[in-house]
1. Could you state the orientation-averaged shadow area of the convex hull built on the Cα atoms of the stretch 17-83, in nm² to one decimal?
2. Taking the chain as the reference, fit the longest principal axis to its C-alpha atoms, fit the long axis of helix 65-83 to the helix C-alpha atoms, and give the angle between the two in degrees, 0 to 90, nearest 10.
3. Given Cβ point charges of +1 (Lys, Arg) and -1 (Asp, Glu) and nothing else, what value in debye, to the nearest 20, does the dipole of the chain about its Cα centre take?
4. Using only alpha carbons, build the gyration tensor for the chain and give me the equivalent ellipsoid semi-axes, biggest first, whole Å.
5. Expressed as an acute angle from 0 to 90° and rounded to the nearest 10, what is the orientation of the C-alpha long axis of helix 148-157 relative to the principal long axis of the chain?
6. Within the set K44/K105; K2/K162; K44/K213; K2/K201; K3/K213, which residue pairs have Cα atoms separated by over 19 Å?
7. Contact order normalised by length for the chain, with contacts defined as Cα pairs under 8 Å and 6 or more residues apart; what percent is it?
8. Per-residue accessible area for E195 at 1.4 Å probe radius, Å² rounded to 10?
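The values are calculated or read from the model by the stated rules, or taken from the named source; none is laboratory data. Quick caveat: nothing in here was measured; it's all calculated off a predicted structure. Cβ atoms come from the backbone with ideal geometry, glycine included; neighbour counts cover every protein chain shown. Surface areas here come from the heavy atoms of the whole protein model, side chains and all, with no ligands, DNA or RNA. Shrake-Rupley method; radii C 1.70, N 1.55, O 1.52, S 1.80 Å.
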Amino acid sequence: MKKAFIFDLDGVIVDTAKYHFLAWQKVAQALNINFTHEHNELLKGVSRVRSLEIILELGNVQVSQADKDKMLIQKNEDYLSYLVDMDESEILPGVFKILQLLKEKNQGIALGSASKNARPILEKTGILSYFDTIVDGNDVTNAKPDPEVFLKAAQLLDIDPKKAIVFEDSVAGIQAANIAEMLSIGIGEGTILYEADFVFKDFTEINPVFIDKLIG
Ligand code: BG6
Ligand code: MG
């Protein structure tokens, strides 16, 4: 059977979550807002604009729209500076094997990411050609936990959302997959991603037998 396997990008395919954190921390520091790893969980999977709003809410700080725009530009420039030398070594353990396996088994493969930087990251890491379709932050109007990004990916693959499987490292992304009635697979900590149908620490824990079961 042909299923749709939809991958989130940041924190699932590449370890960019740490760079997003560092870049947001600079923004928070400049505003004198305490911003911890725990706070950062709230930002995972969430759009750039919404992330800034969350940080401002955390610090109970109000700024003008012009200042917000400046902060968003600064955050992205800072984030991109961490990606300059990015190559395939940044692909998280086990991801490549799973992509190859899914390709061999002729499954639908999509990217479903909130990031507007998704394409250059897939190009730099050399895995762009694995994806039959890409839906990223440039293609959607509603941020996760809204299911728009995943529903659009399934639609472009021409596969029923109920036959879709989502790999996600964020709470918002797992919720989006669940709302879309897709099978949600958390990549990370079970204590954080407890709403997922399955949770694995990373892709090395996912074996071919499990993939075969998902394909059905
Ligand atoms: C998500 C990340 O994938 O993309 C978030 O988990 C990030 O942390 C969001 O804010 C938007 O990314 P970008 O690259 O467009 O700023
Ligand atoms: Mg993510």
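1. 4.0
2. Helix 65-83 and the main axis of the chain meet at about 50 degrees.
3. 260
4. 30, 17, 16
5. Approximately 30 degrees, to the nearest ten.
6. Over 19 Å apart, Cα to Cα: K44/K105; K44/K213; K2/K201.
7. 26
8. Result for E195: roughly 70 Å² accessible.
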